[in-house]
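Below you'll find the structure, written out as structure tokens, and then a few comments.
The values are calculated or read from the model by the stated rules, or taken from the named source; none is laboratory data. Computed from a prediction, not measured in an experiment: that's the story for all the values here. Cβ atoms come from the backbone with ideal geometry, glycine included; neighbour counts cover every protein chain shown. Accessible surface areas use protein heavy atoms only, side chains included; no ligands, DNA or RNA. Shrake-Rupley method; radii C 1.70, N 1.55, O 1.52, S 1.80 Å.
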Amino acid sequence: GSGSAEQLDALVKKDKVVVFLKGTPEQPQCGFSNAVVQILRLHGVRDYAAYNVLDDPQLRQGIKDYSNWPTIPQVYLDGEFVGGCDILLQMHQNGDLVEELKKLGIRSALLDEKKDQDS
């Protein structure tokens, strides 16, 4: 089924930014999923793969086993598990997320805003 390690491996490697959410980016169904969506939006990352675990109990359990991480949301960058909401927030606050996105060839929108403030 959709929760097998092989399938999950393919899912997380298919796109540069992959998020497993409760709900959808348009309508997150929990505060933590919403926070992840908002952080990505702040960085101007719109082109990412989002999978709604509420639609699929097998996926919901499978991705927890795959990452060895007990909660949703989960964020993957370039096929690597990053973490959940708290870790993404920390990376957002300390500037790591801008750097990680840069490695993927994604320019954070925050860089342009910062430039405006400097001038």
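Tell me, please, whether a residue that is part of a strand (DSSP E or B) and either open to solvent by less than 70 Å² (accessible area, probe 1.4 Å) or of a type in the set (Phe, Trp, Tyr) (or both) can be found in the range 30-42. Scanning the range 30-42, I find no residue that is part of a strand (DSSP E or B) and either open to solvent by less than 70 Å² (accessible area, probe 1.4 Å) or of a type in the set (Phe, Trp, Tyr) (or both), so the answer is no. The set of residues in the range 62-74 that are in contact with a strand residue (DSSP E or B) (Cβ under 6 Å, 6 or more places away or on another chain) and closer than 29 Å to Leu110 by Cα comprises Ser67, Ile72, Pro73, Gln74. Count of the range 69-92 residues, restricted to those that are open to solvent by less than 70 Å² (accessible area, probe 1.4 Å) and on the phi > 0 side of the Ramachandran plot, is 2. For the range 10-29, the set of residues classified as out of contact with any Pro (no Cβ under 8 Å at 6 or more places or on another chain) and either under 12 Å from Ile72 (Cα atoms) or assigned to a helix (DSSP H, G or I) (or both) consists of Ala10, Leu11, Val12, Lys13, Lys14, Gly23, Pro28, Gln29, listed by residue number.
Matching residues to (1) out of contact with any Cys (no Cβ under 9 Å at 6 or more places or on another chain); (2) polar (S, T, N, Q); (3) farther than 11 Å from Phe20 by Cα; (4) modelled with pLDDT under 95:
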{"site": "Arg41", "(1), (2), (3), (4)": "yes, no, yes, no"}
{"site": "Val53", "(1), (2), (3), (4)": "yes, no, no, no"}
{"site": "Ile63", "(1), (2), (3), (4)": "yes, no, no, no"}
{"site": "Ile72", "(1), (2), (3), (4)": "no, no, no, no"}
{"site": "Ile87", "(1), (2), (3), (4)": "yes, no, yes, no"}
{"site": "Ile106", "(1), (2), (3), (4)": "yes, no, yes, no"}
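Restricting the range 43-68 to residues that are under 27 Å from Val98 (Cβ atoms) and hydrophobic (A, V, I, L, M, F, W, C) leaves a set whose member that is most open to solvent (accessible area, probe 1.4 Å) is Ala50. Filtering the range 50-102 to residues that are closer than 19 Å to Gly3 by Cβ, touching a Leu at 6+ places or on another chain (Cβ under 9 Å) and charged (D, E, K, R) leaves Arg60, Asp65. Against the test of being hydrophobic (A, V, I, L, M, F, W, C) and out of contact with any strand residue (DSSP E or B) (no Cβ under 9 Å at 6 or more places or on another chain), the options Leu40, Leu77, Leu89, Leu59 yield a single qualifying residue, Leu89. Can you tell me which residue in the range 93-107 is surrounded by the most Cβ atoms within 10 Å (Cβ to Cβ), limited to those that are within 14 Å of the chain's Cα centre (by Cα) and not charged (D, E, K, R)? Once the filter is applied, the top-ranked residue is Leu97.
Restricting attention to the range 1-29, the residues being in contact with a Gly (Cβ under 7 Å, 6 or more places away or on another chain) and either modelled with pLDDT of 95 or more or open to solvent by 40 Å² or more (accessible area, probe 1.4 Å) (or both) number 4.
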